[in-house]
Amino acid sequence: MANLIIYFSLSNNTKSAAEKIHQFIKSDIVRLEPQVPYPVGYSNYVPIAQKEFENQIHPAIKTKIANLDKYDTIYLGYPTWSGQVPMIFHTLFEKYNFIGKKIIPFTTSVSSPISESMTSVKELAHGSEVTDGLKYNGNDIQLKEFLNNK
Ligand SMILES: Cc1cc2nc3c(=O)[nH]c(=O)nc-3n(C[C@H](O)[C@H](O)[C@H](O)COP(=O)(O)O)c2cc1C
C-alpha cells in the first residue's frame, strides 16, 4: 500500500500539516503549485481567489505528479477557502484520475471546521472512497490518532 500526500498551501499552514503527516507515515509528498503564482500577501491573493470562485476558474497546475497509479491512498491537504477546497483542486481532479483510490482529507483554516468543506471534497472525488477528514490545528497527538484510525 503506497501513500501520497498532495497539498496546496499559500501561507504554509497546510504545508506544516502535510510535513507532519509525512513524518508520521511512510509516504511521498508533493506540493501543488499553480502555473501562475499567487501574489505575495493575504490582501493581494484573496481577491484573486474570490474571482476564481465567482468565475469558476480552474487555475493551471505547474506540478507534475509522477506515477499516480502506484498510490492507493491519497492524503489531500488544502486551506479551507470560502468554506470549500481552493479551485486548483478542480484542476487536479480533471487532470488526474483518482477513481478507486482512498482519499483522506485534511485542512487548515481560521475557524471553519472540516465538515464545512467536505461537501466540496466529495463532489470532486466521486468515484473515490473519501474518509472523514481532519482540521489540523497543531495538535500532533490528535493528528497521530487520526492517522492511526485510517
Ligand atoms: C481566499 C481565502 C478564503 C478563506 N476562507 C476561509 C474560510 O471560509 N474559513 C476559514 O476558517 N478560513 C478561511 N481562510 C483562512 C485560511 O483557511 C487559513 O488561513 C489557512 O490556514 C491558510 O492555509 P495555508 O497557510 O496553507 O495557505 C481563507 C483564506 C483565504 C486566502
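Scaling against 2.2 N^0.38 Å puts the C-alpha radius of gyration of the chain at 0.97.
With an 8 Å Cα cut-off and a minimum separation of 6 or more residues, compute the relative contact order for the chain in percent. Walk me through the numbers before you get to the answer.
Values: 246 pairs, mean separation 35.2, N = 150.
Rounded, it is 23 percent for the chain.
Per-residue ellipticity at 222 nm computed for the chain from its helices equals -10500 deg cm²/dmol, with DSSP H segments shorter than 4 residues left out and the rest contributing -39,500 (n - 2.57).
Highest mobility in the GNM of the chain, judged by mean-square fluctuation with C-alpha springs under 10 Å and restricted to Leu134, Leu68, Leu92, is found for Leu68. One Cα centroid belongs to the stretch 53-70, the other to the stretch 19-41; the line between them spans 13 Å.
By the gyration tensor of its Cα atoms, with a ≥ b ≥ c the square roots of the eigenvalues, what is the shape of the stretch 74-150: rounded for a/c under 1.5, prolate for a/b over b/c, or oblate? Verdict is oblate for the stretch 74-150. Charge tally around Asp72: other residues with Cβ under 15 Å, Lys/Arg +1 each, Asp/Glu -1 each, net +2. Solvent-accessible surface of the stretch 2-148, averaged per residue with a 1.4 angstrom probe and all protein chains in place: 51 square angstrom.
What is the percent carbon and sulfur in the accessible area of the stretch 53-145, measuring with a 1.4 Å probe over the protein chains and ignoring ligands?
About 49 percent, which is the carbon plus sulfur part of the accessible surface.
Counting charges near Lys101 (Lys, Arg +1; Asp, Glu -1) among other residues having Cβ under 10 Å from its Cβ returns a value of -2. Taking a straight Cα-Cα cut-off under 19 Å and skipping sequence neighbours fewer than 8 places away in the same chain, the aspartates and glutamates within cross-link reach of Lys122 are Asp72, Glu94, Asp132. Which of Lys51/Lys101; Lys26/Lys70; Lys62/Lys135; Lys102/Lys144; Lys64/Lys102 have a Cα-Cα distance over 23 Å? Going by Cα-Cα distance, Lys51/Lys101; Lys62/Lys135 fall outside the 23 Å limit.
The charge dipole of the chain, taken about its Cα centre with unit charges on the Cβ atoms of Lys, Arg (+1), Asp and Glu (-1) only, comes to about 300 debye.
The values are calculated or read from the model by the stated rules, or taken from the named source; none is laboratory data. Computed from a predicted model, the values in this text were never measured in an experiment. Positions of Cβ are backbone-derived with ideal geometry, glycine not excepted, and every protein chain shown enters the neighbour counts. Note: areas computed on protein heavy atoms with side chains; ligands, DNA, RNA excluded. Shrake-Rupley method; radii C 1.70, N 1.55, O 1.52, S 1.80 Å.
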